[in-house]
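A short write-up of the structure that comes next.
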Amino acid sequence: MFSNPLLLAFPFFLLLCFLLYWAGARHAFTRRPAVVDGDPSTHDWHFFVPCRDEEAVIGTTVERLRTDHPAAHVWVIDDDSDDRTGAIVAELAETDRRVHLVRRHRPNARQGKGAALNSAYDELNQFLPKGTDRERVVVCVIDADGQLDPRALARVSGPGGFGDPEIGGVQVSVHMRNAEDPRPLADRGRLGNAFARLLVRMQDMEFSVSNAGMQLLRGRTGSVGLGGNGQFTRLAALDRIAAAERRPWQRGALLEDYELGLHMILGGDRIAHIADTWVSQEGLPHGRRFLTQRTRWAQGNLQCVRYAPRIVSSRHYSGKGVLETLYTFLQPVAHLVTLALCAVMFVLLGVRAAEDGPGEAFGGMLALWPLVLGLAVVSITPFVLWGPVYRRDRAADRSLFVSLLWGLALWLYAYHLFPASARGFVRMLRGRNGWAKTRRNAEVVVSGPTAVES
């Protein structure tokens, strides 16, 4: 029944790729060199904060950015909000000349985060005086609920960041600031909050160690990706993309941040990841909102596969960079193929059970239990080993035993990738490329439809 060698070999091939990638990511994270700070005054800083119905958080975000980074300008893009987002920012701008409100109105508004960021890029171009050295102007995209490490500008100014003239972009690590919240869902009981706490913890663990390790590995292969929060780019690098693509951020992209990074590398700029500074955001405690967000990410990843020919033929991607990028592109595809193989195997098992009886069909599977057990250990251990790494960096007050349990939970958490990839693929086949903004945890009522957001 399972004699087809390709059917048998494919899962082992995927496991081998995963183990090699995990080993490289963990080594890159645990052996990363110390960050050397630079002088933020050598650059001009401009924060872009895209907003749509963000009155619950935008005032706090702007005030904190201005307090922690007083020399920077804050550009808030109001994508035709139905609430008081624009009014709140306008009030702040009246008393602070470094706060700018970029107003967008329908029918030009509500066309996605990339379009909103492009409008801020245009406004910044009009604001800057002629003769500005655009290599020293840095744009940083911050989510409407984002909080940036007060040390971040010094960290990204150093030799590992914009202190190197070849670096066109820097991505910093992302933390979930509500990871220690004992009641993420104030209106739910103990069981609901236990699940919500674990879900937020897994997101924090995923971003702050697992994803950071992947990014540091990409630093070695020259294929670092940009994220939608804590994304720093030289204005001159955005200019180069705009010259080639008509605009820095592409319209309709569900991963406009990652796509921007692809364009940056294809244009000859390098991107760095600095794990020892951060931007924080709220982790999602609601399972449905979480799955919706991850479905969008999976669909956006699938959309980026169209860049594969350009990447393979680009002189700016090394061989290792090409392999890493293709591996990233094909993750949702691998999840879909794995789901299809599982379906085929269950069908074949059902057919054999009908023909030869359940005992004969399931007896053959039970005979393979040593192999299954070995594969389970090999598959689960990498996730478990992230637990102590996370404890060291993010939860030193917790026991080693708890960190190992978190690692085990991370393995179970990773299975969300399968339904997310399947849903993203179906949406893409149906031509459904729009998306609704993920609601903030502080929002009780949302008026009107919402826009695409990372």
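The values are calculated or read from the model by the stated rules, or taken from the named source; none is laboratory data. Computed from a prediction, not measured in an experiment: that's the story for all the values here. All Cβ positions, even for glycine, are placed from backbone atoms using ideal geometry, and neighbour counts span all protein chains on display. For the accessible areas, the whole protein counts, side chains as well, though only heavy atoms, and no ligand, DNA or RNA atoms are used. Shrake-Rupley method; radii C 1.70, N 1.55, O 1.52, S 1.80 Å.
Roughly how many nanometres apart are two label points built 7 Å out from the Cα toward the Cβ at Leu375 and Leu429?
So the label points at Leu375 and Leu429 sit 2.5 nm apart.
Calculate the dipole size of the chain relative to its Cα centre from +1 charges on Lys and Arg beta carbons and -1 charges on Asp and Glu beta carbons; express the result in debye to the nearest 20. Present the calculation step by step, with values, prior to reporting the outcome.
On the way: 53 positive and 46 negative charges, 157 e Å.
So the dipole magnitude of the chain works out to roughly 760 debye.
Report the far tail of the P(r) of the range 93-168, meaning the percent of Cα-Cα pairs longer than 18 Å. Could you put the intermediate results ahead of the total?
Numbers: 1660 of 2850 pairs.
That fraction is 58 percent.
For the range 150-197, what is Rg from Cα atoms divided by 2.2 N^0.38 Å, rounded to two decimals? Write out the running numbers ahead of the final one.
Values: Rg = 18.6 Å, N = 48, 2.2 N^0.38 = 9.6 Å.
With N residues counted in the range 150-197, Rg over 2.2 N^0.38 Å equals 1.94.
For an R0 of 60 angstrom, estimate the FRET efficiency from the Cβ-Cβ distance between Leu323 and Glu94 and round to the nearest 0.05.
Numbers: r = 52 Å, r/R0 = 0.87.
Efficiency, rounded to the nearest 0.05: 0.70.
Between Ser41 and Leu341, how high is the FRET efficiency from 1/(1 + (r/R0)^6) when r is the Cβ-Cβ distance and R₀ = 41 Å? Nearest 0.05.
Computed FRET efficiency for Ser41 and Leu341: 0.15.
Using the alpha-carbon atoms, what tilt in degrees (0 to 90, nearest 10) does helix 212-221 show relative to the longest principal axis of the chain?
Approximately 80 degrees, to the nearest ten.
Sort 136-149, 158-171, 92-105 by the packing proxy (mean of other Cβ within 10 Å over each peptide's residues), most packed first.
Working: 136-149: 22.6, 158-171: 20.4, 92-105: 16.3.
Going from most to least packed, we get 136-149, 158-171, 92-105.
Roll a 1.4 angstrom probe over the protein heavy atoms and tell me the percent of accessible area of the chain that is carbon or sulfur. Don't skip to the answer; put the middle values down first.
Numbers: 12730 of 20790 Å².
C and S atoms contribute 61 percent here.
Quick one: grab the alpha carbon gyration tensor of the range 40-194, order the square roots of its eigenvalues as a ≥ b ≥ c, and give me rounded if a/c is under 1.5, else prolate or oblate depending on whether a/b is larger than b/c. Intermediate values should be presented prior to the final figure.
On the way: a/c = 2.01, a/b = 1.27, b/c = 1.58.
It comes out oblate by the Cα gyration axes.
Using 1/(1 + (r/R0)^6) with R0 = 35 angstrom and r between the beta carbons of Asn125 and Phe18, what's the FRET efficiency to the nearest 0.05? Please list the in-between numbers first.
Numbers: r = 44 Å, r/R0 = 1.25.
With R0 = 35 Å, the Cβ-Cβ based efficiency is 0.20.
Which residues in the range 20-40 place their backbone N less than 18 Å from a point set 7 Å from the Cα of Asp133 along the Cα-to-Cβ direction?
It comes to 38-40, nothing else.
Modelling each spin label as a point 7 Å along the Cα-to-Cβ direction, I'd like the Arg288/Thr67 distance in nm, to one decimal.
Here the modelled spin labels are 3.5 nm apart.
Taking the Cα atoms only, what angle lies between the long axis of helix 235-245 and the longest principal axis of the chain, rounded to 10 degrees?
Around 70 degrees separate the two axes.
Based on C-alpha coordinates, I'd like the Rg and Dmax of the range 245-344, in Å.
Considering the range 245-344 through its Cα atoms, Rg and Dmax are 15.8, 46 Å.
Pairing the Cα long axis of helix 85-95 with the longest principal axis of the chain, what angle in degrees results, from 0 to 90 and rounded to the nearest 10?
40 degrees
How much length is gained on full extension from Asn108 to His27, taking 0.36 nm per residue of separation minus their Cα-Cα distance? Don't jump to the answer; show the numbers that get you there.
On the way: separation 81, 0.36 × 81 = 29.16 nm, distance 4.63 nm.
Contour length minus the Cα-Cα distance gives 24.5 nm.
Counting only heavy atoms of the protein chains, get the accessible area per residue of the chain (1.4 Å probe) and round it to a whole Å² value. All intermediate terms of the calculation are to be shown ahead of the outcome.
Values: 20790 Å² over 454 residues.
Per-residue value: 46 Å².
On each of the three principal axes of the Cα atoms of the range 179-272, give max minus min coordinate, whole Å, ordered largest first.
Between the extreme Cα coordinates on each principal axis of the range 179-272 lie 54, 30, 18 Å.
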